[in-house]
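Heads up, the thing below is written out as structure tokens.
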Amino acid sequence: MDSLAELRWIRISVIIIAIAVIAYILKTLKVIFIPLVFAVFLLFLFAPLINYLKKHKVPMFLILLITFVIIALFLGVVILLIYAASNSLISGLPRYEDKFNSLLSTITIYIQNFANRWNISSENFSFNNITQILSSGFISLPQLLSNTMNTLVSVIQNIFLIIIFLIFLLLEIDKLPIRLKRVTTKFSKEQTLNIIQNIEKQIQNYLTIRTLINLSASFLCMLWMYIFGVDFILVCGILLFVLDFIPDLGSVLASAIPILIYLLQSGFSIELLFFSLLIVATQMLIGNLLEPKLQSVQLNLTPIMVLVSLIFWGWLWGIVGMLICVPLTSAINIILKQVAPDNVISALISSD
């Protein structure tokens, strides 16, 4: 009995060490693994088109050409949108930075007066230091927005590496069943192909529905911004679309950005209240009612696991990791279920 317990602890220790080593490798070599993951996602998204063309005996070089023409057109549109949004940021943000710092200073003074009124001790917490930090620009609205835009630009800059990975994946995809047949049994081959198909199905469903949902939410929020005359409509539309890919936290940030811009633009007013209610209601309606009905394939992740994966992948790969944490965790869950259906990790991850 002691030997069995000892073996179990040894196995747990090896798993913990392996996870730590894998996390270190993924973090150290993220410049390679991030484009590779995006290439795999693109392969899954284009899989229905590729399979359709193969059934109609279209040569592989034409399939590659059609795939990359679609990607090039999409990238061209994205680059034009980011260029237009960047120009509006450059021309309009300086005056908002002063308003932003002024607003934070006003809030700080209000908190200080509130603390003095209720005799709240502030010996270890200096409000003057906060004011100095805010006035120095340490907390900056332009920096917050530009960091998100820079993330989009960095992804586009890595597109060359993504395309190289995608070419090799497309060329090797037909050879995978043959190679599995050589090195595995019939059952292992079917199990491996089943894992890949399940991951492909879930990622296709998640990315397609998530993209449509985000587009709907961003267009509606842009419409409210246009009606209320809020600045930076295109910038907010892009940020809303991207941030909504981040589970839980993303919708909060996506709602806060246009509300904050309208607050800085017009100050506190009844129009700000109505605008805020419309933005929040749009996010809640689409995220909590429309999305669950459209998701035909559930990812089967518990809410706490979604939060843990958000923190883990965010620590590992930054904003990019936060954007793709849900499909990555779902893929890991599928692999664990197929390899060992009764394993503890999969039981903790899954919602079913």
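The values are calculated or read from the model by the stated rules, or taken from the named source; none is laboratory data. Quick caveat, the model's predicted, so the values are computed rather than measured. We place every Cβ from the backbone using ideal geometry, glycine too, and count neighbours over all the protein chains shown.
Starting from residues that are surrounded by fewer than 17 Cβ atoms within 10 Å (Cβ to Cβ) and among the hydrophobic types (A, V, I, L, M, F, W, C), keep the ones in the stretch 219-233 and report whichever is farthest from the chain's Cα centre (by Cα). By that ranking, first place goes to Ile227.
Just one of the listed residues (Phe268, Phe241, Phe245, Phe219) is out of contact with any Cys (no Cβ under 6 Å at 6 or more places or on another chain), outside any helix (DSSP H, G or I), of a type outside the set (Val, Ile, Thr) and within 28 Å of Tyr83 (Cβ to Cβ), namely Phe245. With respect to the conditions (1) in contact with a helix residue (DSSP H, G or I) (Cβ under 6 Å, 6 or more places away or on another chain); (2) in the same structural domain as Val280 (by TED's automatic domain parsing), Gln202 lacks only one, and its number is (2).
Number of residues in the stretch 278-298 that are surrounded by 11 or more Cβ atoms within 10 Å (Cβ to Cβ), of a type outside the set (Gly, Ala, Ser) and either closer than 20 Å to Leu223 by Cβ or modelled with pLDDT of 80 or more (or both) equals 10. Ser216 - would you say it is more than 16 Å from the chain's Cα centre (by Cα) and not hydrophobic (A, V, I, L, M, F, W, C)? When the stated conditions are applied, Ser216 passes them. Summed over the stretch 317-349, the residues that are assigned to a helix (DSSP H, G or I), at pLDDT 65 or above and either acidic (Asp, Glu) or at negative phi (or both) give a count of 20.
More than 23 Å from Ser91 (Cα to Cα), of a type in the set (Asp, Glu), crowded, with 21+ Cβ neighbours inside 10 Å and in contact (Cβ under 8 Å) with a residue 24 or more places away in the chain, is that true of Asp248? No: the conditions fail for Asp248. Candidates are the residues of the stretch 216-256 that are modelled with pLDDT of 85 or more and of a type in the set (Ser, Thr, Tyr); the one that is farthest from Met322 (Cα to Cα) is Tyr226.
When Phe68, Phe100, Phe61 are checked against the criterion of being at pLDDT below 85, surrounded by 11 or more Cβ atoms within 10 Å (Cβ to Cβ) and aromatic (Phe, Trp, Tyr), a single residue qualifies: Phe100. For the stretch 33-57, a residue qualifies if it is farther than 19 Å from Phe74 by Cβ and not aromatic (Phe, Trp, Tyr), and the qualifying residues are Leu36, Asn51, Lys54, Lys55, His56, Lys57.
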